[in-house]
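J.: Got a structure here, written out as structure tokens. Questions coming.
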Amino acid sequence: VVNLPPTSWAVLAMLSFEEEISGYDLKKWADWSLRYFYWSPSFSQIYSELKKLERHGYATSRVDNDNTIRGRRLYKITPAGRDAITTWTNEAPVDPPVLKHHVMLRVMFGHLSSPARLKEILNDYIAEVDALERRAAIDSEAAKVEPGWAYSQIVLQWAERYYAAERDLARAA
């Protein structure tokens, strides 16, 4: 198995659902799902990862000219890609999450600010995580309608609880 960065594995795993999908649709899907627990790669990164996966023989693509003025490129996982992502999923070491918490970084260096400004920053963050918690709950509920999204629903429920905990931690700060 080729040593790929986590974003490559995430894109390949998204292809593992066996349907042909465009880079644009992968990006929309990442915005709906990955953003809650990983991050949502940009369009340019999605396309860069897809090209990398093709170079390694893990994905193929074709231009689909049906029903469009301009053809769109559709990607599909290959058997080698299916083997690679299965191996990665089952055998890669479990790495600890990397925490890059911009709000806590600003609190850490609070001596460069004022208590009132830090409180504003924390309140803005609380509002943001409240919105993310509500959105994750909505998406989790929507995932219930499709049995194939059962694992996605587990992650969305985790995200909902995570953002609730983030809110509580920010309030405590």
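J.: Using a cut-off of 15 Å between beta-carbons, work out the net charge of the residues near Lys51 (Lys and Arg +1, Asp and Glu -1, Lys51 not included).
T.: Working: positive: Lys27, Lys52, Arg55, Arg62, Arg73, Lys76; negative: Glu49, Glu54.
Residues close to Lys51 contribute a combined charge of +4.
J.: With a 1.4 Å probe and every protein chain left in place, work out the accessible area per residue of the chain in Å², rounded to a whole number.
T.: Per-residue value: 65 Å².
J.: At 1.4 Å probe size, what's the solvent-accessible area of Ile126? Round to the nearest 10 Å².
T.: 20 Å²
J.: What number comes out for the charge environment of Trp149, summing +1 per Lys or Arg and -1 per Asp or Glu over other residues with Cβ under 13 Å away? Provide the component values of the computation, followed by the final result.
T.: Details: positive: Lys144; negative: Asp139, Glu141, Glu146.
For residues surrounding Trp149, the net value is -2.
J.: Next question. How many nm separate the modelled label positions at Asp168 and Asp31, each set 7 Å beyond the Cα in the direction of the Cβ?
T.: 3.2 nm
J.: Now a separate question. Which order do peptides 108-117, 53-62 fall in by mean Cβ count within 10 Å, highest first?
T.: On the way: 108-117: 9.9, 53-62: 17.1.
Top of the packing list down: 53-62, 108-117.
J.: For the residue pair Ile154 and Arg134, what label-to-label distance in nm results when each label sits 7 Å from Cα along the Cα-to-beta-carbon direction?
T.: Going by the 7 Å Cα→Cβ label model, 2.9 nm.
J.: Hey, another quick one. For region 110-173, just say rounded, prolate or oblate: build the C-alpha gyration tensor, square-root its eigenvalues into a ≥ b ≥ c, call rounded for a/c under 1.5, and beyond that prolate if a/b exceeds b/c, oblate if not. If you can, show how the numbers build up before the last one.
T.: On the way: a/c = 4.63, a/b = 3.55, b/c = 1.31.
Since a/c reaches 1.5 and a/b is larger than b/c, the shape of region 110-173 is classed as prolate.
J.: While we're on this one: Principal axis lengths of region 1-63 from Cα atoms, whole Å, largest first?
T.: 29, 28, 22
J.: Can you tell me the alpha carbon radius of gyration of the chain divided by the globular rule-of-thumb value 2.2 N^0.38 Å? Before the final figure, lay out the partial values.
T.: On the way: Rg = 19.3 Å, N = 173, 2.2 N^0.38 = 15.6 Å.
With N residues counted in the chain, Rg over 2.2 N^0.38 Å equals 1.24.
J.: Let me ask something additional. In nm, what is the difference between 0.36 nm times the number of residues separating Tyr24 and Leu74 and their Cα-Cα distance? Mind dumping the intermediate values first?
T.: Numbers: separation 50, 0.36 × 50 = 18.00 nm, distance 0.95 nm.
Length gained between Tyr24 and Leu74: 17.0 nm.
J.: Can I ask one more? Using only alpha carbon pairs under 8 Å that are at least six residues apart, calculate the relative contact order of region 52-173 and give it in whole percent. Before the final figure, lay out each step's value.
T.: Working: 91 pairs, mean separation 20.7, N = 122.
This gives 17 percent for region 52-173.
J.: For region 21-81, which whole-number percentage of the solvent-accessible area (1.4 Å probe, protein heavy atoms only) is attributable to carbon and sulfur atoms? Present the calculation step by step, with values, prior to reporting the outcome.
T.: Numbers: 1880 of 3510 Å².
Carbon and sulfur together cover 54 percent of it.
J.: For region 29-81, what class follows from the C-alpha gyration tensor (a ≥ b ≥ c being the square roots of its eigenvalues): rounded when a/c is under 1.5, otherwise prolate if a/b is larger than b/c, else oblate? Don't skip to the answer; put the middle values down first.
T.: Numbers: a/c = 2.17, a/b = 1.25, b/c = 1.73.
It is oblate, given that a/c is not under 1.5 and a/b is not larger than b/c.
J.: Below 13 angstrom from the Cβ of Asn65, what's the summed charge of the other residues (Lys, Arg +1; Asp, Glu -1)?
T.: Numbers: positive: Arg62, Arg70, Arg72, Arg73; negative: Asp64, Asp66.
Around Asn65, the charge tally is +2.
J.: May I ask for the angle, rounded to the nearest 10°, between helix 23-32 and the longest principal axis of the chain, with both axes built from Cα atoms and the value confined to 0 to 90°?
T.: 30 degrees
J.: Sticking with this structure for a sec: Let me have the relative contact order for region 131-173, percent, based on Cα pairs under 8 Å that are six or more residues apart.
T.: Working: 30 pairs, mean separation 18.9, N = 43.
Computed over region 131-173, the figure is 44 percent.
The values are calculated or read from the model by the stated rules, or taken from the named source; none is laboratory data. Because the structure is predicted, anything quoted here is derived from the model rather than measured. Cβ atoms come from the backbone with ideal geometry, glycine included; neighbour counts cover every protein chain shown. These area figures cover heavy atoms from the full protein model, side chains too; ligands, DNA and RNA do not enter into them. Shrake-Rupley method; radii C 1.70, N 1.55, O 1.52, S 1.80 Å.
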